[in-house]
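The values are calculated or read from the model by the stated rules, or taken from the named source; none is laboratory data. Just so we're clear, the structure is a prediction, and the values are computed from it rather than from any experiment. Note: ideal-geometry Cβ built from the backbone for every residue, glycine included; neighbour counts use all protein chains shown. When the accessible area is computed, the model is the full protein with side chains, heavy atoms only, and any ligands, DNA or RNA have been set aside. Shrake-Rupley method; radii C 1.70, N 1.55, O 1.52, S 1.80 Å.
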Amino acid sequence: MATTEIIKRLFIAFAKQDTNEFYHQAEDLINLEKRKKHTIVARELKEALYSKPILNNGNNGRRYKSNILIPRDTEKGFPLLEIREYDIDWESLVLSEKTKSILKQIVKEMKDSEILETYNLRPKNKVLFCGKPGTGKTFSAQLISSVLHIPLVYIRFDSIISSYLGETATNLRKVFDFISNEMWIVLFDEFDIIGKNRDDHYEHGEIKRVVNNFLQMLDNFEGQSLIIAATNHQHILDSAIWRRFDEVIYFELPDKEKRLHLLELYLKPMQKEDINLSEFIEKTKGFAPSDLRMMCIEAMKYSIINDHNVLKAEDIDFALSRFLDRTDIREGQMENK
Ligand SMILES: Nc1ncnc2c1ncn2[C@@H]1O[C@H](COP(=O)(O)OP(=O)(O)OP(=O)(O)O)[C@@H](O)[C@H]1O
Ligand SMILES: [Mg+2]
């Protein structure tokens with residue numbers, strides 16, 4: 001159908017206040033642009049269509065159709081993925097300049113995919129995030145989804161690796177079918193389960209089959225979505241897995257300068273007494289950003305509950321000592337104290 005015909009139908013649907021027909025025609029127009037390989041135009045139209053609840057379509061401002069069918073596990077019926085939307089900006093992410101610039105490059109490539117296409121090139125769309133817990137792997141996937149205005153499809157890898165191994169291949173197939181149809185930011189979180197299970201009680205041959213299955217689907221994936229896999233056990237992933245990703249990013253623990261930056265960021269909501277934050281830099285060596293965040297929240301709460309009016313150094317000291325106690329409990333050192 002020609003563009004003008006669709007626009008005419010859109011106008012008629014609007015005049016009749018026929019929301020369903022309006023969406024139907026709008027989707028047709030987007031698909032037409034897609035077929036013409038006008039991917040950016042198609043994406044922008046889609047964004048415009050789902051960005052605000054202009055029409056009462058029950059979408060509540062979501063950027064995807066509210067009646068979208070989420071694939072489920074055949075055996076137990078639980079959903080295999082979740083669609084999530086975030087509002088995070090680059091300033092909230094504190095990483096080394098190098099790591100941040102690699103992330104920005106991925107975003108740029110996705111944005112300019114149409115230009116790359118004219119040169120027969122594709123943006124990087126299979127990325128592996130590794131690094132210690134709490135360093136921002138999941139957070140960065142959420143951020144990428146925010147800045148690109150593309151919803152995040154979140155998949156907990158261990159929920160896919162069904163206890164019925166036979167079902168796993170079916171589950172994987174369903175997930176890949178789902179993500180191939182639209183443009184999503186896809187996060188396979190806790191990805192290491194694929195490596196871990198190999199020596200576990202699972203039958204070796206079976207799990208190997210699952211791994212190969214996944215790798216094959218990853219190889220054959222030709223959709224426009226950006227696939228991110230995140231793990232904090234990168235050492236257990238073998239080279240067959242590593243090779244499949246066109247970018248591997250290591251999320252480092254923050255150095256002194258970044259720790260100061262994070263403390264300032266997390267303590268921003270509260271007015272402070274004359275605190276020398278750099279005093280806490282040495283004391284928080286080895287802390288991940290999520291640890292610093294937890295400590296800062298504790299400090300602010302302690303200050304508020306105890307009517308200190310402003311944040312004092314003693315509030316941070318208290319939160320820090322609580323945090324260090326936690327670490328000791330975890331490492332079983334309380335008995336030696
Ligand atoms: N680099 C960072 N800059 C700013 N905030 C961060 C950063 N890393 C983590 N955070 C904060 O800590 C929270 C938890 O981090 P996140 O879930 O991204 O960790 P992760 O690397 O995915 O850890 P895990 O390996 O345990 O899944 C985030 O929601 C964010 O608030
Ligand atoms: Mg995570």
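Kindly indicate which of Met295, Met270 is of a type outside the set (Ser, Thr, Tyr), within 12 Å of ligand 1 (Cβ to nearest atom) and either open to solvent by 60 Å² or more (accessible area, probe 1.4 Å) or not assigned by TED's automatic domain parsing to the domain that holds Glu97 (or both).
Values: Met270 fails: within 12 Å of ligand 1 (Cβ to nearest atom).
Answer to the check: Met295.
Scan region 155-175 and give yes if some residue there is farther than 27 Å from Leu262 by Cα, assigned by TED's automatic domain parsing to the domain that holds Val94, within 16 Å of ligand 2 (Cβ to nearest atom) and assigned to a strand (DSSP E or B), otherwise no. Yes, because at least one residue in region 155-175 is farther than 27 Å from Leu262 by Cα, assigned by TED's automatic domain parsing to the domain that holds Val94, within 16 Å of ligand 2 (Cβ to nearest atom) and assigned to a strand (DSSP E or B).
Take the residues in region 95-142 that are away from ligand 2 (no atom under 16 Å from the Cβ), assigned to a loop (DSSP other than H, G, I, E, B) and open to solvent by less than 40 Å² (accessible area, probe 1.4 Å), then tell me which one is farthest from Ile249 (Cα to Cα). Talk me through it step by step, then tell me what you get.
Pass one, region 95-142, residues away from ligand 2 (no atom under 16 Å from the Cβ): 96-98, 100-102, 104-126.
Filter once more, so that each one left must be assigned to a loop (DSSP other than H, G, I, E, B): 96, 112, 119-125.
Then drop every residue that is not open to solvent by less than 40 Å² (accessible area, probe 1.4 Å), which leaves 96, 123, 125.
Numbers: Ser96: 12, Pro123: 16, Asn125: 13 Å.
Only one residue tops the list, namely Pro123.
Quick check: is even one residue across region 143-160 over 23 Å from Ala42 (Cβ atoms), in contact (Cβ under 8 Å) with a residue 60 or more places away in the chain and more than 16 Å from ligand 1 (Cβ to nearest atom)? Yes - at least one qualifying residue is present in region 143-160.
Out of curiosity, is Asp255 closer than 27 Å to Glu97 by Cα, surrounded by 12 or more Cβ atoms within 10 Å (Cβ to Cβ) and of a type in the set (Asp, Glu)?
Details: closer than 27 Å to Glu97 by Cα: yes; surrounded by 12 or more Cβ atoms within 10 Å (Cβ to Cβ): yes; of a type in the set (Asp, Glu): yes.
Yes: the conditions hold for Asp255.
Take the conditions at pLDDT 85 or above, of a type in the set (S, T, N, Q) and assigned to a helix (DSSP H, G or I) and apply them to Gln224. Does it pass? So that I can check it myself, show each step before the final result.
Details: at pLDDT 85 or above: yes; of a type in the set (S, T, N, Q): yes; assigned to a helix (DSSP H, G or I): no.
So Gln224 fails the test.
Leu320 falls short on exactly one of the conditions (1) in contact with a Leu (Cβ under 8 Å, 6 or more places away or on another chain); (2) under 26 Å from Phe139 (Cβ atoms), and that condition is (1). The residues in region 74-90 that are of a type in the set (A, V, I, L, M) and without any contact (Cβ under 8 Å) to a residue 60 or more places away in the chain can be counted, and the count is 1. The residue pairs whose first member lies in region 261-279 and is assigned to a loop (DSSP other than H, G, I, E, B), whose second member is acidic (Asp, Glu), and whose beta carbons are closer than 7 Å, counting only pairs six or more residues apart or on different chains, are Leu277/Glu264.
In the set Ser180, Ser145, which member is closer than 26 Å to Val211 by Cβ, in a helix (DSSP H, G or I) and outside the structural domain of Ile40 (by TED's automatic domain parsing)? When all the criteria are applied, what remains is Ser180. Selection of region 298-321 for residues being basic (Lys, Arg) and either surrounded by 15 or more Cβ atoms within 10 Å (Cβ to Cβ) or assigned by TED's automatic domain parsing to the domain that holds Pro133 (or both) yields only Lys312. Here region 8-38 is the region considered, the condition is being touching a Leu at 6+ places or on another chain (Cβ under 8 Å) and aromatic (Phe, Trp, Tyr), and the residue that is surrounded by the fewest Cβ atoms within 10 Å (Cβ to Cβ) is Tyr23. Ser290 passes every criterion in (1) closer than 20 Å to Pro254 by Cα; (2) among the polar types (S, T, N, Q); (3) free of Cβ contacts under 8 Å to residues at least 40 places away in the same chain apart from (3).
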